[in-house]
Amino acid sequence: MIIFVVDDERIIASTLALILREHDFDARAFYDGQSALIAAAFCEPDLLLTDVLMPGMDGLTLAAALITMHSACEVLFLSAHVFISDINSLNATKEWKLLEKPIHPLQLVETVTSLQSARLRNVKPSN
(Lines give C-alpha, C1' and ligand atoms only; values in the text may rest on other atoms or scores of the structure.)
Protein backbone atom coordinates (compact mmCIF):
# COMPACT_ATOMS: atom_id res chain seq x y z
CA MET A 1 0.00 0.00 0.00
CA ILE A 2 1.46 3.35 -1.08
CA ILE A 3 0.61 6.18 1.31
CA PHE A 4 1.18 9.89 0.73
CA VAL A 5 1.51 11.71 4.06
CA VAL A 6 1.08 15.47 3.60
CA ASP A 7 1.51 18.09 6.31
CA ASP A 8 3.12 21.52 6.21
CA GLU A 9 4.65 20.75 9.61
CA ARG A 10 7.64 18.75 8.41
CA ILE A 11 8.16 16.93 11.69
CA ILE A 12 4.58 15.64 11.63
CA ALA A 13 4.68 14.44 8.01
CA SER A 14 8.10 12.82 8.46
CA THR A 15 7.19 11.18 11.78
CA LEU A 16 3.88 9.77 10.55
CA ALA A 17 5.55 8.41 7.41
CA LEU A 18 8.30 6.84 9.54
CA ILE A 19 5.75 5.19 11.85
CA LEU A 20 3.91 3.74 8.85
CA ARG A 21 7.15 2.54 7.21
CA GLU A 22 8.07 0.78 10.47
CA HIS A 23 4.83 -1.19 10.01
CA ASP A 24 5.70 -2.20 6.43
CA PHE A 25 3.71 0.45 4.58
CA ASP A 26 5.25 2.35 1.67
CA ALA A 27 4.74 5.82 3.19
CA ARG A 28 6.13 8.97 1.59
CA ALA A 29 6.22 12.36 3.31
CA PHE A 30 5.35 15.60 1.53
CA TYR A 31 5.33 19.08 3.03
CA ASP A 32 2.83 20.72 0.69
CA GLY A 33 -0.02 19.70 -1.56
CA GLN A 34 1.66 20.67 -4.81
CA SER A 35 4.60 18.30 -4.20
CA ALA A 36 2.20 15.45 -3.50
CA LEU A 37 0.28 16.14 -6.73
CA ILE A 38 3.49 16.17 -8.77
CA ALA A 39 4.51 12.83 -7.25
CA ALA A 40 1.02 11.42 -7.92
CA ALA A 41 1.60 11.96 -11.64
CA PHE A 42 4.36 9.33 -11.45
CA CYS A 43 3.16 7.08 -8.64
CA GLU A 44 -0.46 6.24 -7.79
CA PRO A 45 -1.08 6.34 -4.03
CA ASP A 46 -3.58 4.02 -2.41
CA LEU A 47 -4.09 6.39 0.50
CA LEU A 48 -3.71 10.12 1.08
CA LEU A 49 -3.20 11.08 4.71
CA THR A 50 -3.32 14.87 4.77
CA ASP A 51 -3.62 17.78 7.12
CA VAL A 52 -6.68 19.90 6.38
CA LEU A 53 -5.35 23.37 7.14
CA MET A 54 -2.17 24.10 5.21
CA PRO A 55 -0.88 27.25 3.51
CA GLY A 56 -1.16 27.34 -0.25
CA MET A 57 -3.13 24.24 -1.21
CA ASP A 58 -5.25 23.00 1.69
CA GLY A 59 -5.95 19.32 2.28
CA LEU A 60 -9.47 19.46 0.86
CA THR A 61 -8.26 20.91 -2.44
CA LEU A 62 -5.44 18.36 -2.53
CA ALA A 63 -7.83 15.48 -1.91
CA ALA A 64 -10.19 16.61 -4.66
CA ALA A 65 -7.34 16.96 -7.16
CA LEU A 66 -5.79 13.62 -6.23
CA ILE A 67 -9.11 11.78 -6.48
CA THR A 68 -9.60 13.29 -9.93
CA MET A 69 -6.25 11.78 -10.93
CA HIS A 70 -6.67 8.46 -9.08
CA SER A 71 -10.29 7.74 -8.22
CA ALA A 72 -9.47 4.64 -6.15
CA CYS A 73 -7.30 6.60 -3.71
CA GLU A 74 -8.67 6.63 -0.15
CA VAL A 75 -8.40 9.84 1.88
CA LEU A 76 -7.84 10.33 5.60
CA PHE A 77 -7.81 13.88 6.88
CA LEU A 78 -5.83 14.99 9.91
CA SER A 79 -6.77 18.05 11.91
CA ALA A 80 -6.83 19.55 15.36
CA HIS A 81 -9.26 22.30 14.32
CA VAL A 82 -11.74 20.92 11.77
CA PHE A 83 -14.81 18.78 12.42
CA ILE A 84 -15.94 15.94 10.15
CA SER A 85 -19.26 17.75 9.61
CA ASP A 86 -17.30 20.67 8.12
CA ILE A 87 -15.54 18.33 5.70
CA ASN A 88 -18.62 16.30 4.76
CA SER A 89 -20.59 19.46 4.03
CA LEU A 90 -18.14 20.20 1.21
CA ASN A 91 -18.96 17.04 -0.72
CA ALA A 92 -22.14 15.16 0.11
CA THR A 93 -21.37 12.38 -2.41
CA LYS A 94 -18.33 11.08 -0.53
CA GLU A 95 -17.96 10.15 3.10
CA TRP A 96 -14.68 11.55 4.38
CA LYS A 97 -12.71 10.23 7.31
CA LEU A 98 -11.06 12.51 9.87
CA LEU A 99 -8.38 11.67 12.43
CA GLU A 100 -7.83 14.11 15.23
CA LYS A 101 -4.39 15.54 15.94
CA PRO A 102 -2.46 14.58 17.87
CA ILE A 103 -2.93 10.97 16.84
CA HIS A 104 -1.48 8.07 18.77
CA PRO A 105 0.82 5.95 16.58
CA LEU A 106 -1.13 2.76 17.33
CA GLN A 107 -4.41 4.40 16.32
CA LEU A 108 -2.81 5.53 13.06
CA VAL A 109 -1.47 2.05 12.27
CA GLU A 110 -4.79 0.38 13.21
CA THR A 111 -6.76 2.79 11.02
CA VAL A 112 -4.47 2.33 8.01
CA THR A 113 -4.36 -1.45 8.49
CA SER A 114 -8.17 -1.52 8.59
CA LEU A 115 -8.37 0.49 5.37
CA GLN A 116 -5.86 -1.83 3.71
CA SER A 117 -7.86 -4.90 4.77
CA ALA A 118 -11.05 -3.37 3.41
CA ARG A 119 -9.33 -2.62 0.09
CA LEU A 120 -8.06 -6.18 -0.18
CA ARG A 121 -11.56 -7.59 0.49
CA ASN A 122 -12.95 -5.44 -2.32
CA VAL A 123 -10.39 -6.60 -4.87
CA LYS A 124 -11.86 -9.18 -7.20
CA PRO A 125 -9.60 -11.98 -8.37
CA SER A 126 -8.67 -11.89 -12.03
CA ASN A 127 -9.41 -14.89 -14.26
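For segment 48-78, filtered to residues that are charged (D, E, K, R) and under 12 Å from the mean Cα position of the chain (by Cα), the residue that is nearest to residue 10 (Cα to Cα) is 51.
Residue-by-condition table, conditions (1) of a type outside the set (D, E, K, R); (2) more than 19 Å from residue 81 (Cα to Cα); (3) touching a residue at least 40 places away in the same chain (Cβ under 8 Å):
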{"site": "29", "(1), (2), (3)": "yes, yes, no"}
{"site": "35", "(1), (2), (3)": "yes, yes, no"}
{"site": "50", "(1), (2), (3)": "yes, no, yes"}
{"site": "61", "(1), (2), (3)": "yes, no, no"}
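For segment 12-48, name all the residues that are touching a helix residue (DSSP H, G or I) at 6+ places or on another chain (Cβ under 8 Å) and part of a helix (DSSP H, G or I). Across segment 12-48, the qualifying residues are 16, 19, 20, 33, 36, 37, 40. Annotation for segment 20-28: no member residue is over 17 Å from residue 116 (Cα atoms), within 11 Å of the chain's Cα centre (by Cα) and at pLDDT 90 or above. When only residues in segment 1-58 that are out of contact with any Asp or Glu (no Cβ under 8 Å at 6 or more places or on another chain) and of a type in the set (Asp, Glu) count, which is nearest to residue 100 (Cα to Cα)? Per the criteria, the residue is 58. Look at (1) touching a residue at least 24 places away in the same chain (Cβ under 8 Å); (2) under 24 Å from residue 118 (Cβ atoms); (3) surrounded by fewer than 19 Cβ atoms within 10 Å (Cβ to Cβ) and you find that residue 40 fails only one, number (3). Residue count for segment 84-111 under the criterion of being surrounded by fewer than 11 Cβ atoms within 10 Å (Cβ to Cβ), modelled with pLDDT under 80 and not in a loop (DSSP other than H, G, I, E, B): the result is 1.
The values are calculated or read from the model by the stated rules, or taken from the named source; none is laboratory data. A quick note: this is a predicted structure, and the numbers were derived from the prediction, not measured. With ideal geometry, Cβ positions are generated from the backbone for all residues, glycine too; neighbour counts draw on all protein chains shown.
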